[in-house]
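Participant: Handing you a structure now.
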Amino acid sequence: MNNSDKIKQAAEILSKAKRIVGFTGAGTSAESGIPPFRGEGGIWNKYDPNSLDIDFYYSHTKDSWRIIREVFYNFFSNKEIKPNPGHEVLAKWEKEGRLSAVITQNIDDLHTVAGNKTVYEFHGNMARFVCTHCGKKFTAKEIQLTENPPRCEDCGGLLKPDFIFFGEGIPENAYYGSINAAENCDAFIIIGTSGQVSPANMIPGIAKRNGAKIIEINMEPSTYTNYITDLYLEGKSGEILPAIDTLIKWC
Ligand code: NAD
């Protein structure tokens with residue numbers, strides 16, 4: 001089957017589905033200009049991943065924050081990063097009442113910016129900060145990123161980006177919300193993820209075991225493709241999702 005037949009088939013499956021869930025990874029945001037963490041051009045080729053270890057953040061806060069700021073906040077504020085057509089289609093399907101949730105491994109906030117309301121951020125969100133002392137949350141825009149380290153305006157406690165560092169657990173609401181969404185969908189779309197990061201990578205299997213049709217979009221086969229994927233579409237999610245959307249006729 002060629003890709004245009006597969007796009008038609010994906011549209012047929014999704015048109016009949018009442019509860020669609022999107023499961024996204026770094027590839028979903030690649031067309032928004034956000035580089036992957038691993039592989040060619042990935043940030044872990046340039047920086048030591050230990051700088052994102054939670055113990056290192058507490059023991060070497062200034063060094064750790066300097067790197068985090070450079071990696072995440074200088075980059076994102078220097079470029080105009082915005083949702084791409086793939087994000088926009090997922091937001092449209094939610095608005096049309098057919099997509100029940102996006103489960104994302106990304107921390108870039110782009111699904112929310114695109115307009116999705118039910119977003120389970122498995123690894124947290126870099127656009128928020130949390131006080132490690134009093135728990136108050138701030139948006140990145142509300143804090144002084146140049147301060148090293150950034151501190152809570154209320155209690156003076158150390159602020160931490162609200163994404164998970166190595167050594168931290170998955171946020172409870174995202175973990176249980178993702179499992180529940182995967183258990184209760186009839187179509188599950190895996191988009192732009194290699195499936196190597198655990199425990200997020202067990203979520204698609206839950207959807208499969210509960211009877212959902214598994215559609216996958218990626219530039220190359222992933223750990224899912226030959227195991228649980230029912231329909232694999234090779235290419236960019238920012239092109240394939242809009243192509244599917246033009247053929248959707250909700251039943
Ligand atoms: P990964 O880097 O392991 O895999 C990315 C996948 O996307 C690859 O399989 C690649 O073939 C595919 N891909 C690349 N461009 C694509 C495109 N245009 N359309 C469709 N697919 C494309 O990413 P992962 O599986 O998400 O795991 C990486 C971890 O790093 C995650 O935990 C995530 O939190 C984090 N991360 C987040 C961001 C972000 O927030 N935007 C960026 C990089 C990494």
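The values are calculated or read from the model by the stated rules, or taken from the named source; none is laboratory data. A quick note: this is a predicted structure, and the numbers were derived from the prediction, not measured. Cβ sites come from the backbone with ideal geometry, for glycine too, and all protein chains shown count toward neighbours. Areas reflect the complete protein model, heavy atoms only, side chains present, ligands, DNA and RNA absent. Shrake-Rupley method; radii C 1.70, N 1.55, O 1.52, S 1.80 Å.
Participant: Build a GNM of the chain with springs between Cα atoms under 10 Å: which of Gly195, Gly167, Gly86 gets the top mean-square fluctuation?
Facilitator: Gly167
Participant: Could you work out the local net charge near Tyr232, counting Lys and Arg as +1, Asp and Glu as -1, over the other residues with Cβ closer than 13 Å to its Cβ?
Facilitator: Once all neighbours under 13 Å are counted, the net charge is -3.
Participant: On the protein heavy atoms, probe 1.4 angstrom, tell me the percent of accessible surface of region 154-247 carried by carbon and sulfur.
Facilitator: 47 percent
Participant: Name the residue, out of Asn201, Asn45, Asn148, whose mean-square fluctuation peaks in a Gaussian network model built on the chain with Cα pairs under 10 Å.
Facilitator: For the chain, modelled as a Gaussian network with Cα springs under 10 Å, the answer is Asn45.
Participant: So, for region 106-146, what is the accessible surface per residue at a probe of 1.4 Å, expressed in square angstrom?
Facilitator: 50 Å²
Participant: Around Phe23, what is the net charge, scoring Lys/Arg as +1 and Asp/Glu as -1 over all other residues with Cβ under 12 Å from its Cβ?
Facilitator: 0
Participant: Using Cα springs under 10 Å in a Gaussian network model of the chain, which residue among Leu233, Leu241, Leu145 shows the largest mean-square fluctuation?
Facilitator: Comparing Leu233, Leu241, Leu145 in a Gaussian network model of the chain, the most mobile one is Leu145.
Participant: At what distance in nm do the modelled label points of Met202 and Asn173 sit from each other, each positioned 7 Å from its Cα along Cα→Cβ?
Facilitator: 2.3 nm
Participant: If you don't mind, another one. How much accessible area does Lys62 have with a 1.4 Å probe, in Å² rounded to the nearest 10?
Facilitator: 120 Å²
Participant: Right, another one. Can you pull the Kirkwood radius for the chain, inverse mean 1/r over Cα pairs, to one decimal in Å?
Facilitator: So the Kirkwood estimate lands at 18.9 Å.
Participant: Additional query: Sort all Cα-Cα distances of region 127-251 into consecutive 10 angstrom bins from zero, then give the percent of pairs in each bin up to the one containing the longest distance.
Facilitator: Whole-percent P(r) values from 0 Å outward: 12, 29, 26, 21, 12, 1.
Participant: Loop sites only, by DSSP: take the GluC sites (Glu not before Pro) in the chain that have at most 14 other C-beta atoms within 10 Å and name the longest stretch containing none of them.
Facilitator: For GluC sites (Glu not before Pro) (loop position, at most 14 other Cβ atoms within 10 Å), the longest site-free span of the chain is 154-251.
Participant: Based on the mean of other Cβ atoms within 10 Å per residue, sort peptides 22-28, 217-223, 99-105 so the most packed one is first.
Facilitator: The packing order, highest mean first, is 22-28, 99-105, 217-223.
Participant: Shifting gears a bit: Looking at region 155-229, which chymotrypsin sites (Phe, Trp or Tyr not before Pro) are in a loop (DSSP not H, G, I, E or B) and have at most 15 other Cβ atoms within 10 Å?
Facilitator: Qualifying residues, ordered by number: Tyr227.
Participant: To the nearest 20 debye, what is the magnitude of the charge dipole of region 168-251 about its Cα centre, counting +1 on the Cβ of each Lys and Arg and -1 on the Cβ of each Asp and Glu?
Facilitator: 200 debye
Participant: Next up: Give me the three principal axis extents of region 22-147 from the C-alpha atoms, as integers in angstrom, largest value leading.
Facilitator: Between the extreme Cα coordinates on each principal axis of region 22-147 lie 47, 38, 24 Å.
Participant: Straight-line reach only, C-alpha to C-alpha below 20 angstrom: list the lysines that Lys46 could link to, leaving out same-chain residues fewer than 8 apart.
Facilitator: Lys62, Lys79
Participant: While we're looking at this one, here's another question. What angle, in degrees between 0 and 90 and rounded to the nearest 10, separates the Cα long axis of helix 3-16 from the longest principal axis of the Cα atoms of the chain?
Facilitator: Once rounded, the angle reads 90 degrees.
Participant: While we're looking at this one, here's another question. Could you pull out the pairs from Lys95/Lys249; Lys95/Lys236; Lys92/Lys137; Lys8/Lys249; Lys82/Lys249 whose alpha carbons sit more than 21 Å apart here?
Facilitator: Distance filter (> 21 Å) returns Lys95/Lys236; Lys92/Lys137; Lys82/Lys249.
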